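The values are calculated or read from the model by the stated rules, or taken from the named source; none is laboratory data. All values reported here derive from a predicted model rather than from experimental measurement. Quick reminder, even Gly has a Cβ in these numbers, built from the backbone with ideal geometry, and neighbours come from all protein chains shown. Side chains included, ligands, DNA and RNA excluded: accessible areas come from the protein's heavy atoms. Shrake-Rupley method; radii C 1.70, N 1.55, O 1.52, S 1.80 Å.
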Amino acid sequence: MNVLVVGGAGYIGSHCVRQLQAAGHRALVLDNLVYGHRAAIAEDVPFFNEDLGNRAAVTKILTEEKIDVVMHFAAYAYVGESVTEPLKYYENNTGNTIQLLLAMQDAGVTKFVFSSTCATYGEPDTLPMVEDLPQAPINPYGQTKLQVEAVLKDLAAVDKMSSAVFRYFNAAGAAEDGSIGEHHDPETHLIPLAIDAATGKRPALKIFGTDYPTPDGTCLRDYVHVDDLSRAHIAVFEQLENPGTFAHYNLGTGKPTSVREILDAVEKVTGMPVPAEEAPRRAGDPPSLYADNTKARTELGWEPKYLDIESTIATAWKWHQSHPDGYPE
Ligand code: UDP
C-alpha cells in the first residue's frame, strides 16, 4: 500500500516509516520539520516538506502519489505549553488536522490512522485503563486529540472515513540498531533526561513528586517501545477495509513502572549513577497511568515485544551512544 506518513520525520513517525518499509509498503513522508528531523528519514523515502494545513498542496500529493492510507503523527505535544498557549495547540492539532481530512476528502482517500493519547482519559478512576473509560482530558493537548477523535467518529458514522485511533501510553526506546531514536528540543521526557543526567550532559534529574499514592511515592507510567507502537499501525490495515470504521485501541505494555524504577533501570543499563533530586509535583501529572491492552492484542494480534523496561532503555542507550547530540541539524 502507498502510505503517507504525516509527521514521519518525528520520533514515532520515523520508526513507523521503517516498519512500513520492512512490511513491504511504500511509505512517503510529509513533515514541515518544525520538530521533525530530515536525518530521521532515509534518502530513498519520498519526502515532502509541507504543512499539513496546506489543503491544496496535500490534496495534490495524495492524488499524484495514489495514497491509500494516511497515518497522522504530526502534532504539538508539550502538555505544559498547551496550557499556556492553547490556541497554538487548537490551531495545529485540531485545525490543521481538519485541513488534512478535507484534503483527503478532496483526493478521495478514506483510510486514516491517528496518533491519539492516554491523555484523552485525564485522571482515570480505574486501572488498568480500558478503552471505554470516560474521556475527560485535563489539559488542552489531550483535548485537541479528543476533538479529532470526535471528528473521526462522526465521519465514520456517515461512511466518509475509516479510522484507527491509537491511544499511546509513554513512547520510549529507539530502533534496535540505534540508527534512529528520540530527539526532542526541548526534551521533557523522563528516559532521555535520565540518560543525560547519567552522562553528565544535563544536571541532576528532578523527580517530580515523591508523595503520590503509589508503592514508592513516584508516578507510575506505562513505557511502551516505539517499535511496538509502530507495529500496531501495520497490524491495523485490515480493519480499515471496512467502510465507516472507527476503531480505537490503547497501546501500552500493561505494566506500570515508577519514576524511581526508571532511574534504577537507567543506572543498570548505562552502568552509571543517575544523579537525582526530589522536586515538587509537576502540575497536571496523574499519579498512575497504565493500559489494559487486551483489545489491541485480541483484535489486532498485537504483542508488544519489549515487556522488560531495561530492554527498552537499552535501545535508548544505544541510540544515545551513537548520537549523543541527537540528529545533526
Ligand atoms: N518526570 C520526572 N522528572 C522529569 C521528567 C519526568 O520525574 O524530569 C516524571 C513525570 O512526572 C512523569 C513521568 O516522569 O510521572 C513521565 O514523564 P514524561 O514527561 O516522560 O511523560 P508523560 O507521562 O508526561 O507523558
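Observations, loosely collected:
- Helix 259-270 vs. the chain, principal-axis angle (Cα, 0 to 90°, nearest 10): 90 degrees
- Rg/Rh, computed from the Cα trace of region 97-238 with Rh as the Kirkwood radius, has the value 1.02.
- Of the solvent-accessible surface of region 246-325, computed with a 1.4 Å probe over protein heavy atoms with every protein chain present, carbon and sulfur atoms account for 51 percent.
- Taking all protein chains into account, the per residue accessible area for the chain stands at 42 Å² (1.4 Å probe).
- Per residue of the chain, the DSSP helices (runs of n ≥ 4 H) give a summed -39500 (n - 2.57) that works out to -10500 deg cm²/dmol at 222 nm.
- Structural size metrics of region 223-329, computed from C-alpha coordinates, are Rg and Dmax of 17.2, 53 Å.
- Loop trypsin sites (Lys or Arg not before Pro), region 106-172, which have at most 16 other Cβ atoms in a 10 Å radius of their Cβ (DSSP): LYS160
- In the chain, the alpha-carbon atoms span a convex hull of 121 Å³ per residue.
- Scalar couplings 3J(HN,Hα) for region 79-87, obtained by applying the Karplus form with A = 6.51, B = -1.76, C = 1.60 to θ = phi - 60°, are 4, x, 5, 5, 6, 7, 10, x, 5 Hz; x denotes Gly and Pro.
- Only Cα pairs under 8 Å and 6+ residues apart enter the sum, and on that basis the relative contact order of region 119-230 stands at 20 percent.
- For LEU220, the residues 5 or more places off, or on other chains, whose built amide H falls under 5 Å of its own are SER288, LEU289.
- A Förster radius of 22 Å, combined with the Cβ-Cβ distance separating THR210 from TYR78, puts the computed FRET efficiency at roughly 0.40.
- Cβ-based charge dipole, the chain, positive-most Cα from GLN147, PRO275, LEU263: GLN147
- What separates the Cα centres of region 1-42 and region 167-231 is a distance of 22 Å.
- Long-range HN-HN contacts of THR117 with modeled amide H, under 5 Å: TYR168
- Percent antiparallel among DSSP beta bridges (both partners in the chain, rounded to 5): 5 percent
- Only Lys, Arg (+1) and Asp, Glu (-1) charged, at Cβ; the chain dipole about Cα centre in debye: 240 debye
- Degrees separating the helix 11-22 axis from the principal Cα axis of the chain, which is the longest one: 60 degrees
- Overall, the ratio between the Cα radius of gyration of region 1-122 and 2.2 N^0.38 Å, rounded to two decimals, is 1.02.
- 3J(HN,Hα) along region 202-210, derived from phi through the Karplus expression 6.51 cos²θ - 1.76 cosθ + 1.60 where θ = phi - 60°, amounts to 10, x, 3, 6, 8, 8, 7, x, 10 Hz, with x in place of Gly and Pro.
- Close amide-amide hydrogen proximity is noted between ASN250 and ARG167, ALA296, each under 5 Å apart and 5 or more residues distant or on a separate chain (H modeled in the peptide plane; Pro and chain starts excluded).
- Whole-Å distance, taken between Cα centres, linking region 303-326 and region 96-156: 28 Å
- Cα long-axis angle, helix 226-235 against the chain (0 to 90 degrees, to the nearest 10): 30 degrees
- The string of couplings for region 54-69 from the Karplus curve (6.51, -1.76, 1.60, θ = phi - 60°) is 8, 4, 5, 5, 5, 4, 4, 5, 4, 6, 5, 8, 6, 6, 8, 9 Hz, one whole number per residue in order, with x for Gly and Pro.
- Among GLY36, GLY173, GLY108, the residue with the largest mean-square fluctuation in a Gaussian network model of the chain, with springs joining Cα atoms closer than 10 Å, is GLY108.
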